[in-house]
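Shown next, in structure tokens, is the structure this report addresses.
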Amino acid sequence: MARVAKNSVCLWFNNDAEEAAQFYARTFPDSYVSAVHRAPGDYPSGKEGDVLTVEFTVMGIPCIGLNGGPVFTHDEAFSFQVTTEDQDETDRYWQAIVTNGGQESACGWCKDKWGVSWQITPLALINAINSEDRAAAKRAFDAMMTMQKLDIALIEAAFNQDER
């Protein structure tokens, strides 16, 4: 009997769940593909033997990719938020997603080529906007609002700016 996580994120794909899962496994730490399941019979968007579901983990989060066809698409109501330690890590994940057919958005958000949204969020931003110094937090937040890929140096400069 298969062992399945008690709770998983299920992502709907247009027949390319395995490709997406393999990309996530190559791109992010603690990510891997654990199983590929083929359809036991024909279904509305596929045939017997086609990949139906893919079990994978993205940065420790168990996921299932369902090859459901073109009926549903991803939107920003769901996203993976990846907290990064430094600019190199931020740049690496951003570039991996955007240069593999993805697209940039605002405020650290980008979309991969399958339409899944990602927030590539430096820990420096999280700390800045949650600071007890609300004026400094607002400056960091306002700086973030002008960016696509987040720039830690600019966020920290805005946070540390003296408002005299």
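The values are calculated or read from the model by the stated rules, or taken from the named source; none is laboratory data. Just so it is clear, the model here is predicted, and its values are computed rather than measured. Virtual Cβ from ideal backbone geometry, glycine too; neighbours counted across all protein chains shown.
Would you mind stating whether Glu48 is touching a His at 6+ places or on another chain (Cβ under 9 Å) and modelled with pLDDT of 95 or more? Steps first, please.
Working: touching a His at 6+ places or on another chain (Cβ under 9 Å): no; modelled with pLDDT of 95 or more: yes.
Spelling it out, it is not the case that Glu48 is touching a His at 6+ places or on another chain (Cβ under 9 Å) and modelled with pLDDT of 95 or more.
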Positions within the stretch 38-88 being over 21 Å from Val9 (Cβ atoms) and in contact (Cβ under 8 Å) with a residue 24 or more places away in the chain, in sequence order | Pro44, Gly46, Asp50, Glu85, Asp86, Gln87
Take the stretch 51-81 and flag every residue that is closer than 14 Å to Asp16 by Cβ, touching a Pro at 6+ places or on another chain (Cβ under 9 Å) and assigned to a loop (DSSP other than H, G, I, E, B).
-> Gly68, Gly69
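If only one of Glu89, Glu76, Glu156 is surrounded by fewer than 19 Cβ atoms within 10 Å (Cβ to Cβ), of a type in the set (Asp, Glu) and touching a strand residue (DSSP E or B) at 6+ places or on another chain (Cβ under 7 Å), which one is it? I'd like the intermediate steps shown before the answer.
Working: Glu89 fails: touching a strand residue (DSSP E or B) at 6+ places or on another chain (Cβ under 7 Å); Glu156 fails: touching a strand residue (DSSP E or B) at 6+ places or on another chain (Cβ under 7 Å).
Testing whether each residue is surrounded by fewer than 19 Cβ atoms within 10 Å (Cβ to Cβ), of a type in the set (Asp, Glu) and touching a strand residue (DSSP E or B) at 6+ places or on another chain (Cβ under 7 Å) leaves just Glu76.
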Number of the exception - Leu52 against (1) surrounded by 19 or more Cβ atoms within 10 Å (Cβ to Cβ); (2) in contact with a helix residue (DSSP H, G or I) (Cβ under 8 Å, 6 or more places away or on another chain) = (2)
On the given criteria, is Thr27 polar (S, T, N, Q), within 25 Å of Leu125 (Cβ to Cβ) and out of contact with any Cys (no Cβ under 6 Å at 6 or more places or on another chain)?
-> yes
Answer yes if at least one residue in the stretch 104-117 is surrounded by 14 or more Cβ atoms within 10 Å (Cβ to Cβ), free of Cβ contacts under 8 Å to residues at least 12 places away in the same chain and not assigned by TED's automatic domain parsing to the domain that holds Asp30, and no otherwise.
-> no
